[in-house]
Amino acid sequence: KQWYQRRVAITAGEDIYNFHGKIFLFDLEKIEDNYNVGDVFCSNIANFDLYTTYCKNKPHSENFLSGICNDAFLKQCQRDLNHVLDLSSYLLKPVQRIMKYNLILEKLLKYANPRDPENREKLQIALNRMEGVPRYVNDVIHLMGLEGYTGNIESLGELLLQDNFMVYISGQRRPTTRQIFIFKHAIIFSKPAAKSAQKPNSRKISVAPQPVYQFKNEVSLENVGLFRKLADDTANTRFKIEVFKKEKSTDCDSAYFTFELALEL
């Protein structure tokens with residue numbers, strides 16, 4: 001078990017190291033200037049999924065390291081190498097690095113030659129795609145905190161969005177706060193469990209204890225008749241979902257409740 005935990009703690013980190021040292025850096029060194037940097041990012045976009053794996057394993061690695069943080073051998077290695085930071089601080093570096101790629105591309109785009117629209121377009125495409133990496137990593141981390149769901153999460157398809165919403169249900173006076181996960185084939189409603197001490201920030205990569213959500217309901221998108229933005233929603237933070245069921249007497253679909261969702265800002 002200890003061997004497995006040690007592998008969990010470092011394997012994804014080794015994969016990230018090998019990707020950067022043997023693939024990404026090699027591709028960057030082949031270009032003579034920053035003209036094709038956007039292409040290099042786009043061609044390697046799948047490899048950045050390694051960061052998702054790394055962050056998914058982060059709770060396991062933290063659990064393992066908590067048991068050996070005061071290990072005499074590790075302390076001696078830190079002194080011998082004259083390192084100010086301990087091992088857990090170094091293992092946090094990949095999580096922090098995810099956001100820096102976007103900053104690099106933003107700088108390159110800012111100073112790119114305005115008379116070279118092709119290069120600017122490539123950098124913009126790379127930036128758009130790389131912005132999705134930390135967002136997806138964050139979504140997966142929050143999904144890992146979902147408890148009580150007994151279905152097959154893989155069958156729901158790609159996770160498209162997760163966030164805190166105020167949910168207004170037809171027939172109820174007051175809204176309720178829900179953590180909602182929107183997949184390609186279904187929507188999952190959950191609420192922060194009591195043991196979640198703080199309100200989670202679902203738009204920022206979590207390096208704190210993993211948020212915990214209690215499963216409440218699942219709605220198949222096959223039963224959702226309409227997504228629509230509300231006419232008075234100038235901030236683009238609200239939309240309505242109408243859920244339908246088939247009436248036996250008429251064999252027709254009939255709306256039996258609606259959700260109005262307002263994104264908590």
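The values are calculated or read from the model by the stated rules, or taken from the named source; none is laboratory data. Everything numeric in this text was worked out from a predicted model, so none of it was measured. We place every Cβ from the backbone using ideal geometry, glycine too, and count neighbours over all the protein chains shown. To get the accessible areas, we keep the full protein, side chains included, count just its heavy atoms, and leave off ligands, DNA and RNA. Shrake-Rupley method; radii C 1.70, N 1.55, O 1.52, S 1.80 Å.
For region 120-139, check the following and say yes or no: at least one residue is farther than 21 Å from Asn47 by Cβ and part of a helix (DSSP H, G or I). Checked region 120-139: at least one residue is farther than 21 Å from Asn47 by Cβ and part of a helix (DSSP H, G or I).
Against the list (1) at pLDDT 85 or above; (2) open to solvent by less than 90 Å² (accessible area, probe 1.4 Å), the condition Ser89 fails is (1). Take Arg129 and tell me if it is at pLDDT 90 or above, under 24 Å from Ala12 (Cβ atoms), open to solvent by 70 Å² or more (accessible area, probe 1.4 Å) and under 19 Å from the mean Cα position of the chain (by Cα). Yes.
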